[in-house]
1. Tell me the GluC sites (Glu not before Pro) within segment 1-72 that lie in a loop according to DSSP and have at most 14 other beta-carbon atoms within 10 Å.
2. In which sequence would 51, 1 go, from the one with the fewest C-beta neighbours within 10 Å to the one with the most?
3. Once amide H atoms are placed 1.01 Å from N in the peptide plane, what residues at a sequence separation of 5 or more from residue 24, or on another chain, have their amide H within under 5 Å of its amide H?
4. What length, rounded to one decimal in nm, is gained on full extension from residue 62 through to residue 31, with 0.36 nm per residue of separation minus their alpha-carbon distance?
5. Between rounded, prolate and oblate, where does the chain land on the alpha carbon gyration tensor, with a ≥ b ≥ c its root eigenvalues, rounded for a/c under 1.5, else prolate if a/b exceeds b/c?
6. With a Förster radius of 25 Å, plug the Cβ-Cβ distance of residue 40 and residue 74 into 1/(1 + (r/R0)^6) and report the FRET value to the nearest 0.05.
7. Going by C-beta contacts inside 10 Å, put 39, 34 in order with the fewest on the left.
8. So how do 7, 18, 78 line up by other beta-carbon neighbours within 10 Å, fewest first?
Amino acid sequence: MASGLPVVVPKSGGAYEVASSAALPFEPGDSSSLAEQLLALIEDPELYEKMSERSIRRAGEFSWRKAADKYLTLYEKVAQ
């Protein structure tokens, strides 16, 4: 996502939760559902571009610094 690639993820699980609306979902275990999403990206340049932009924005919401700050806050609360 940080590289600007569109993402296709199963509808269940952590990847879908993390990617949110920046990913095209497919039904887990359903290869035709996966193929539909992949073909949509290949055949529709506007969709590809839109999902690419969403990927970059969504990836920007995550960073090691933000994660470290959240853990530090948590540790400080626990230590009090």
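Each reported figure results from applying straightforward, stated rules to the coordinates on display, with no laboratory input. The structure displayed is predicted, hence computed values, not measured ones. A quick note on method: Cβ atoms are made from the backbone with ideal geometry, for glycine too, and the neighbour counts reach across all protein chains shown.
1. Sites meeting the loop and neighbour criteria: 61.
2. Placing the least packed residue first, the sequence is 1, 51.
3. When sequence neighbours closer than 5 places are left aside, the close amide H contacts are 7, 8, 9.
4. The residue 62-residue 31 span can extend by a further 8.2 nm.
5. Oblate, because a/c is 1.5 or more while a/b does not exceed b/c.
6. Step by step, r from the Cβ atoms, then E = 0.05.
7. 39, 34
8. In order of increasing Cβ crowding within 10 Å: 78, 18, 7.
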